[in-house]
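Working notes, structure below.
Since every read-out is calculated from the coordinates, none of them should be taken as a lab result. Just so it is clear, the structure is predicted and the values come from calculations on it, not from any experiment. Here the Cβ positions follow ideal geometry from the backbone for every residue, glycine too, while neighbour counts run over all protein chains shown.
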Amino acid sequence: MGASSTAAAAVPSSGDGLLDHLRQISAPTTAQAIADHFKGQLARNEAERRCSDLVAKGLVATRESAKIKLFWASQRDVVALSDREAQELDREIAEAKSQLLAHQAEVARQQHALKSIQNQRSPEEVREAITSARLAVEAARDELAALHKQAGGSGPMSEKEEEQVKKEYTRMRKLYLDRRRTCLEVLGHMGDAEGKSTKALMESLGLEQDVEYGCDPKDFPPLADPPRARPMVGVRR
């Protein structure tokens, strides 16, 4: 490779800086790499257009592989590449493709991470959700207390009244647990995004747990299904 670079350096200037650059590097390159070499003096689209013009004049060769368009100085006036040089050229092309794929994968990963962060709820939205859950719990507690008072003041409940109380308790319990679980899931996602545990995040946001308000999920067990009546076996007299 050192001999090729020395030979390329000895080539006289053509008066075209882009063509001289291609002859100097003596290796396939992309329009973006050419634009980067000229450091803002030549945009990528302009570099590709000028390379295409040189291709039309026969001064530059091109090849497109896997959506990568490569340009290099024409080798018409030089000795054909040896097998070893051709293999080295293929290796460099394969390496360039590998680097491009790795770059595209990293860009996709960063875009996914950004989208995930953008979809997270803000602290204000979390506070609103927690406040709503607290109000729902308080309303459920008041409603259950009213039902209990109503049932206690009118003697033993009928089966219909007992069934109604059980249904209302089950509905309120599910509403409370669903909203509690939703709040904890939201806090968990936010904590993951900030590298904090749910407890640490709640402390940083100034949030209290429901148990601190005397509302423990363990105090609201699920109602067991009533036992099924066993069929009576007739007794032969």
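Here are a few things to note about the model shown:
- Charged neighbours of residue 103, selected by a Cβ distance under 14 Å, balance to 0 (K, R count +1; D, E count -1).
- Local net charge near residue 167, Cβ-Cβ under 12 Å (Lys/Arg +1, Asp/Glu -1): +1
- Links that overshoot a 25 Å alpha carbon limit, given the list 39/97; 57/97; 149/218; 160/218; 39/115; 167/199: 57/97; 160/218; 39/115; 167/199
- Converting phi to 3J(HN,Hα) with the Karplus coefficients 6.51, -1.76 and 1.60 and the offset θ = phi - 60°, the range 101-112 yields 4, 5, 5, 5, 5, 5, 4, 4, 5, 5, 5, 5 Hz in sequence order, with x at every glycine or proline.
- Backbone HN-Hα couplings from phi across the range 163-172 [Karplus 6.51/-1.76/1.60, Hz, Gly and Pro as x]: 5, 5, 5, 5, 5, 5, 4, 5, 5, 5
- Amide H contacts of residue 60 (H built 1.01 Å from N, in plane; Pro and chain starts excluded): 55, 74 sit under 5 Å, all sequence-distant by 5 or more or on other chains.
- FRET efficiency for the pair residue 181 and residue 159, taken as 1/(1 + (r/R0)^6) with r the Cβ-Cβ distance and R0 = 41 Å, rounds to 0.80.
- Summed residue charge, Cβ within 14 Å of residue 67's Cβ, Lys/Arg positive, Asp/Glu negative: +1
- Within the range 121-219, the proportion of C-alpha pairs whose separation exceeds 22 Å stands at 41%.
- Those GluC sites (Glu not before Pro) in the range 166-224 that DSSP places in a loop and that have at most 15 other beta carbons within 10 Å: 208
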